[in-house]
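One structure is given here, and the rest of the page talks about it.
The values are calculated or read from the model by the stated rules, or taken from the named source; none is laboratory data. Nothing here was measured: the structure is a model prediction, and the numbers come from that model. Reconstructed Cβ throughout: ideal geometry from the backbone, glycine too, with neighbour counts over all protein chains shown. Note: areas computed on protein heavy atoms with side chains; ligands, DNA, RNA excluded. Shrake-Rupley method; radii C 1.70, N 1.55, O 1.52, S 1.80 Å.
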Amino acid sequence: MNKSNRISESELEIMQILWNSKRPMTAPEIRKILQEQKNWKKSTVLTLIKRLTDKEVIACEKKELFYYTPLVTEQEYADYQTQTLVDKLYNGSLKNYVLSLCDRNKLNEDDLKELRDYFMEGMDDE
């Protein structure tokens, strides 16, 4: 089972802090950021950290304090969520997903050119 499917919206806030820090962080450091951004209480942050640890989505290492490190990368999480969306809304068809973005003008000309160039480079490799 993919660990990325177990991250709730609230837990994602903590994951984003850890991903952005690019270093292990203590609970007080995480709590300070969330206190400033979300006005979350200490107990809320500690509960979410414990859940993420129990789900094995973050690791906990004891030094003078406990330091937390993500075990799931931001890219792994994004890939899982994208695939889930494509599976759920487009019957697993990435082509239909991209077409829906094009049909709704979500991609501008620069985006489309970049995608064309990307796919053409991939075809040149074959």
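To the nearest 500 deg cm²/dmol, what mean residue ellipticity at 222 nm is calculated for the chain from DSSP H runs of n ≥ 4 alone, each contributing -39,500 (n - 2.57), summed and divided by the residues?
-20500 deg cm²/dmol
Which pairs break 29 Å Cα to Cα here: K3/K62; K3/K95; K41/K63; K42/K63; K22/K106?
Pairs exceeding 29 Å: K22/K106.
When only alpha-carbon atoms are used, what values of Rg and Dmax, in angstrom, describe the range 24-126?
Rg then Dmax for the range 24-126, in Å: 20.3, 55.
Enter the accessible area per residue of the chain (Å², integer; probe 1.4 Å; all protein chains in place).
73 Å²
Taking all protein chains as present, what is the carbon and sulfur share of the accessible area of the chain, in % to the nearest whole number, probe 1.4 Å?
50 percent
Calculate the dipole size of the range 16-126 relative to its Cα centre from +1 charges on Lys and Arg beta carbons and -1 charges on Asp and Glu beta carbons; express the result in debye to the nearest 20.
1220 debye
Taking the Cα centre of the chain as the origin and placing charges on Cβ (Lys, Arg +1; Asp, Glu -1), which of V45, S10, P24 is farthest toward the positive end of the dipole?
V45
Using the per-residue mean of other Cβ atoms lying within 10 Å as a proxy for protection, in what order, highest first, do the peptides 44-51, 108-115, 63-70, 94-101 fall?
Ranking the peptides 44-51, 108-115, 63-70, 94-101 by packing returns 44-51, 63-70, 94-101, 108-115.
Dimensions of the range 43-90 along principal axes (Cα, Å, largest first)?
48, 21, 13
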